[in-house]
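I have placed the structure first, in the form of C-alpha cells, so that the comments after it can refer back to it.
Read-outs: derived from the displayed coordinates by stated rules, not from any lab. No experiment lies behind these values; they were computed from the predicted model shown. Positions of Cβ are generated from backbone atoms using ideal geometry, with glycine treated the same way; all protein chains shown enter the neighbour counts.
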Amino acid sequence: MAQITGARVASEPWPFLDRPEAEVELRIEEMLAYADGTFRMSGQYFVAPDNGRDRARLFSLAVPITGEFSAQDIASARGAVMRQLAREIAANGLR
C-alpha cells in the first residue's frame, strides 16, 4: 500500500504520534491454490477514513500459478494476488 499510495502505512497498534488518515481492515474468506492452475482469494475489506464515509467492499481475485505448481510458484501467485488487492483498495477503497 505504501508503494502504491505513497502514504505512511503501519499495522496495529498505530506506532506514530499523529493519527492515520484512514484505517483499512481486511477479512479473507478464501485463499487457495486450485488444481486448475489458479490462485484465488476472496473476502471483504473495510476502509474507515478520518474524514468522510466508511466503505465496505467485497473482493474476489484470481491469478494464474506459473511453473510447476511448487511451493515457490504458489507463494509467487499469492504475492501477485495480494498486490492486485492492494491496487484494488487504493483505487476503489481509499477514494
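The table below gives the values:
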item: Contour minus Cα-Cα distance for GLU29 and ALA62 (0.36 nm per residue); result: 10.5 nm
item: Part-to-part distance (alpha-carbon centres) for region 1-21 and region 41-65, which is given in Å; result: 17
item: Region 1-81: chymotrypsin sites (Phe, Trp or Tyr not before Pro) in DSSP loop, at most 10 other beta carbons within 10 Å; result: PHE16, TYR34
item: From phi via Karplus (6.51, -1.76, 1.60), per-residue ³J(HN,Hα) for region 15-22 in Hz, x at Gly/Pro; result: x, 9, 5, 7, 6, x, 6, 7
item: Cα-based Rg / Dmax (Å) for the chain; result: 15.1, 47
item: Inter-label distance for PHE69 and PHE46, nm, one decimal - labels placed 7 Å from Cα along Cα-to-Cβ; result: 3.7
item: P(r) histogram, all alpha-carbon pairs of region 41-90 included - 10 Å bins from 0, percent; result: 24, 41, 23, 10, 3
